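Colleague: One structure follows; several queries about it will come next.
The values are calculated or read from the model by the stated rules, or taken from the named source; none is laboratory data. Predicted, not measured: the structure shown is a model, and the values here were computed from it. Methodologically, a virtual Cβ is constructed for each residue, glycine included, from the backbone with ideal geometry; neighbour enumeration extends over all protein chains shown.
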Amino acid sequence: MSSTPVRCGVVGVGRMGRHHARIYAQLPNAELVGVVDADESRRSDITDEWGGRPLETVAELIDLGVEAVTIATPTIHHREAAEQLIDAGVSCLIEKPLAPTAEDASAIADAANRKGVSLQVGHVVRYDPVMRAIRNLGEFRPRHLELHRISPMTFRSVDVGVVLDMMIHDLDLLTMLIGREPEDIQANAVAVLSEAEDVCNVRLTYSPDDLGDRCVANVTASRLALKTERKLRIICEDLYVSADFVTRTGTVVRRSANATQLDDIRSRLQAGEDLSDVNYLDLVSFEDLVVEDAEPLRLQAEDFLNSVRTGVRPDVDAEAGSAAVRTAERIIAAAGITAGV
């Protein structure tokens, strides 16, 4: 591998894109050569702070010999920018969701495959220290999951509904944790402030695994909440995990660590003993989730640049991004929209 820094750029330097520009400027193996944005003052502000050239078009960025680019435009513009860059042989990290439709997502993925360039999707929650801590627990087989992602309205990403804006993160996590797309979807959604849905709840049922066990996930997303919550609960036959992504904390309960207590309680119940005064929480042994401090966006950028340098498939590849969009599209179709008043 060459030690020469990868020539990087960013298309769209709004709320998320400005952070991608900062990361590229700070990484020792990257060089921020330019940013593209329709807003002249915004692109100039970024380059004044982090370097590179302020540009008006993607073509100008390509002319600078860029090798790796983050696309952080509104979702509806992802395909146009991606195809232009990919056709020029430029690897792309595309902010979530990959595209507004499964058709567009597939077209972007096909283009990257034809040109042989790296394509990563910005499902940054996979790189969150809490999620990394959960993955470090080892292999497990979820039977039931609960995911809550709610916050007050920020008035960003209003070109898409809450499913593609917020829930898409959790749909990607489900594909990663379960390893397949859902068999059945039941959903309900409501549009209140936006033309698209602002609140959505969905029940996803997954087909039996190789041991014949089904999995069910309940997912809620809202951008009209009065507070911010990012929570995940995973229930397995032998493991329970409860995680809070806002406080970066979590609890792990292992069946193996509680076998004696469980057997004792089971025997006492079968004997007809009155256990109404027993505090269940006093019986359970649990451990804290070990969460390290790290910036998810930086870890994501490092994975992307490693893929660009080595050709190794990134952790969140085009298929993962497409799977999330396909599931989101099915949820929107299943839910229907009730217009707010």
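Colleague: Conditions: (1) in contact with a Cys (Cβ under 8 Å, 6 or more places away or on another chain); (2) under 25 Å from P100 (Cβ atoms); (3) part of a loop (DSSP other than H, G, I, E, B). D209 meets all but one. Number of the miss?
Modeller: Checking D209 against (1) in contact with a Cys (Cβ under 8 Å, 6 or more places away or on another chain); (2) under 25 Å from P100 (Cβ atoms); (3) part of a loop (DSSP other than H, G, I, E, B), the one that fails is (2).
Colleague: Report yes if some residue within the range 225-243 is closer than 27 Å to G336 by Cα, modelled with pLDDT of 95 or more, of a type outside the set (D, E, K, R) and part of a strand (DSSP E or B); otherwise report no.
Modeller: Checked against the condition, which is being closer than 27 Å to G336 by Cα, modelled with pLDDT of 95 or more, of a type outside the set (D, E, K, R) and part of a strand (DSSP E or B), the range 225-243 yields at least one hit.
Colleague: OK, next. Only one of (1) exposed (fewer than 12 other Cβ atoms within 10 Å of the Cβ); (2) in contact (Cβ under 8 Å) with a residue 60 or more places away in the chain; (3) closer than 30 Å to L204 by Cβ; (4) not β-branched (V, I, T) is not met by D293, so which one is it?
Modeller: (3)
Colleague: Can you tell me which of I235, I265 is surrounded by 11 or more Cβ atoms within 10 Å (Cβ to Cβ) and touching a His at 6+ places or on another chain (Cβ under 7 Å)?
Modeller: Of I235, I265, the one residue that is surrounded by 11 or more Cβ atoms within 10 Å (Cβ to Cβ) and touching a His at 6+ places or on another chain (Cβ under 7 Å) is I235.
Colleague: Do we have R7 as touching a Gly at 6+ places or on another chain (Cβ under 7 Å) and farther than 24 Å from D165 by Cα here?
Modeller: Against the criterion (touching a Gly at 6+ places or on another chain (Cβ under 7 Å) and farther than 24 Å from D165 by Cα), R7 qualifies.
Colleague: Please identify the pairs in which a residue from the range 201-221 that is within 21 Å of L164 (Cβ to Cβ) has its Cβ atom under 9 Å from the Cβ atom of a residue that is surrounded by 15 or more Cβ atoms within 10 Å (Cβ to Cβ) and of a type in the set (F, W, Y), counting only partners at least 6 apart or on another chain.
Modeller: Close Cβ pairs satisfying both conditions: A217/Y206.
Okay, residues lined up against (1) within 23 Å of P100 (Cβ to Cβ); (2) hydroxyl-bearing (S, T, Y); (3) part of a helix (DSSP H, G or I):
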| residue | (1), (2), (3) |
| --- | --- |
| T175 | yes, yes, yes |
| P182 | yes, no, no |
| L193 | yes, no, no |
| A196 | yes, no, no |
| V202 | yes, no, no |
| T205 | no, yes, no |
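Colleague: If you go through the range 216-229 one residue at a time, do you hit one that is within 22 Å of G179 (Cβ to Cβ) and either out of contact with any helix residue (DSSP H, G or I) (no Cβ under 8 Å at 6 or more places or on another chain) or not assigned by TED's automatic domain parsing to the domain that holds F140 (or both)?
Modeller: Yes, the range 216-229 has at least one match.
Colleague: Right, something else. Specify the residue that is surrounded by the fewest Cβ atoms within 10 Å (Cβ to Cβ); the eligible residues are those in the range 304-318 that are part of a helix (DSSP H, G or I) and out of contact with any Lys or Arg (no Cβ under 9 Å at 6 or more places or on another chain). Explain how you work it out, then say what you get.
Modeller: Let us first name the residues in the range 304-318 that are part of a helix (DSSP H, G or I), namely 304-310, 318.
Narrowing further to those that are out of contact with any Lys or Arg (no Cβ under 9 Å at 6 or more places or on another chain): 304-306, 308-310, 318.
Details: F304: 28, L305: 25, N306: 17, V308: 23, R309: 18, T310: 10, A318: 24.
Top of the filtered list is T310.
Colleague: Could you identify the single residue in D110, D63 that is surrounded by fewer than 21 Cβ atoms within 10 Å (Cβ to Cβ), under 22 Å from V6 (Cα atoms) and of a type outside the set (G, A, S)?
Modeller: The match here is D63.
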